[in-house]
Amino acid sequence: MASSDQQPDALYKLLIIGDSGVGKSCFLLQFTEGDFKEDHNVTIGVEYGAKTLKVAEKNIKLQIWDTAGQESFRAITRSFYRNAHGVVLMYDLTRLESYENLYDWLKEIKQNSDSDVVIYLVGNMLDLAEDEREVQTDIAQAFAEENKLDGFTEASAKTAEHVSEVFQKIAEVLHKKTLEKATKEEKPAPAQAPIIVRPTQPAKKKSCC
Ligand SMILES: Nc1nc2c(ncn2[C@@H]2O[C@H](COP(=O)(O)OP(=O)(O)OP(=O)(O)O)[C@@H](O)[C@H]2O)c(=O)[nH]1
């Protein structure tokens, strides 16, 4: 992992979205500070965190916007979708309703984000899965595949299990996309079809006299 004072080679903007209480703020705090808070401090509007990761020897800085899940802040949070490179779409695997609402969140992403935005699905609260799970892993995996999402991981903001892995994978997908885009732009334009010139007819000799 790269230290935050290193000059980044690339910078990507991410959003974390999902129902209120699924653990978005805790997830960001765990990733950026290695800390966890038991209280649910409802996010007002948006909060911000940043961290630099290493991908293929490059320093990739992630600017992460943690959005409020509550409906009343939707107008504010919507404006943050623009120019986002990636979205962490989160549900709570112990709360079926938060999974069912993913459909609406996906619609919200499609309506407000760029068409090539990277979408990564996270089922949070993995530490509670054994006793309280309401969403099965294979069901969520199938949902991610059907909707052609860029990845899916179950994680715990409390124990930190798979938290860094989620951001590392997103950074890798974004880095790969950037490289592919650059290669496409470098490729010479396809050679134009040769222009076929009609053979010129020898000028008819004028019959003399
Ligand atoms: N056991 C457990 N509790 C968690 C986990 N993540 C978050 N919580 C708890 O869930 C509650 C809600 O977490 P937040 O991070 O505030 O939720 P949020 O999605 O940011 O909520 P809004 O700001 O309202 O959108 C808090 O009480 C957290 O302590 C987790 O992975 N495991």
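Quick notes
- The set of residues in the range 118-156 being of a type in the set (S, T, N, Q) and within 15 Å of Lys24 (Cα to Cα) consists of Asn124, Thr153, Ser156.
- Selection within the range 106-123 - surrounded by fewer than 20 Cβ atoms within 10 Å (Cβ to Cβ) and either within 18 Å of Ala142 (Cβ to Cβ) or in contact with a Pro (Cβ under 8 Å, 6 or more places away or on another chain) (or both): Leu106
- Residue within the range 105-125 that is in a strand (DSSP E or B), closer than 27 Å to Ala10 by Cα and without any contact (Cβ under 8 Å) to a residue 40 or more places away in the chain present: yes
- Scanning the range 106-132 for residues that are touching a strand residue (DSSP E or B) at 6+ places or on another chain (Cβ under 9 Å) and more than 12 Å from the ligand (Cβ to nearest atom) returns Leu106, Glu108, Ile109, Ser113, Val117, Val118, Ile119, Tyr120, Leu121.
- Against the numbered list (1) outside any helix (DSSP H, G or I); (2) closer than 25 Å to Ala75 by Cα; (3) away from the ligand (no atom under 16 Å from the Cβ), Lys148 comes up short only at (2).
- Exactly one residue out of Ala171, Ala155 is within 14 Å of the ligand (Cβ to nearest atom), buried (at least 18 other Cβ atoms within 10 Å of the Cβ) and within 24 Å of Ala84 (Cα to Cα), and it is Ala155.
- Only a single criterion out of (1) surrounded by fewer than 18 Cβ atoms within 10 Å (Cβ to Cβ); (2) modelled with pLDDT under 90; (3) in contact with an Asp or Glu (Cβ under 8 Å, 6 or more places away or on another chain) is not satisfied by Glu71, namely (3).
- Test: residue in the range 12-26 that is within 20 Å of Asp127 (Cα to Cα), touching a residue at least 40 places away in the same chain (Cβ under 8 Å), of a type outside the set (Lys, Arg) and away from the ligand (no atom under 12 Å from the Cβ): no
A quick yes/no check of all residues on (1) modelled with pLDDT of 95 or more; (2) within 8 Å of the ligand (Cβ to nearest atom); (3) among the charged types (D, E, K, R); (4) open to solvent by 30 Å² or more (accessible area, probe 1.4 Å):
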{"site": "Phe31", "(1), (2), (3), (4)": "yes, no, no, no"}
{"site": "Lys37", "(1), (2), (3), (4)": "no, yes, yes, yes"}
{"site": "Lys51", "(1), (2), (3), (4)": "yes, no, yes, yes"}
{"site": "Val55", "(1), (2), (3), (4)": "yes, no, no, no"}
{"site": "His85", "(1), (2), (3), (4)": "yes, no, no, yes"}
{"site": "Leu102", "(1), (2), (3), (4)": "yes, no, no, no"}
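- Residue check, Val42 within 16 Å of the ligand (Cβ to nearest atom) and modelled with pLDDT under 95: yes
So that you can scan it fast, the table gives a plain yes or no per residue for (1) small (Gly, Ala, Ser); (2) assigned to a helix (DSSP H, G or I); (3) touching a Leu at 6+ places or on another chain (Cβ under 7 Å):
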position	(1), (2), (3)
Glu130	no, yes, no
Glu134	no, no, yes
Ser156	yes, no, yes
Ala160	yes, no, no
Gln168	no, yes, yes
Glu172	no, yes, no
Thr178	no, yes, no
Thr183	no, yes, no
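- Of the residues making up the range 135-149, those that are surrounded by 17 or more Cβ atoms within 10 Å (Cβ to Cβ) and in contact (Cβ under 8 Å) with a residue 40 or more places away in the chain are Val135, Ala140, Phe143, Leu149.
The values are calculated or read from the model by the stated rules, or taken from the named source; none is laboratory data. Model, not experiment: these values are computed from the prediction. Glycine also receives a Cβ, built like all others from the backbone with ideal geometry; neighbour counts cover every protein chain displayed. Note: areas computed on protein heavy atoms with side chains; ligands, DNA, RNA excluded. Shrake-Rupley method; radii C 1.70, N 1.55, O 1.52, S 1.80 Å.
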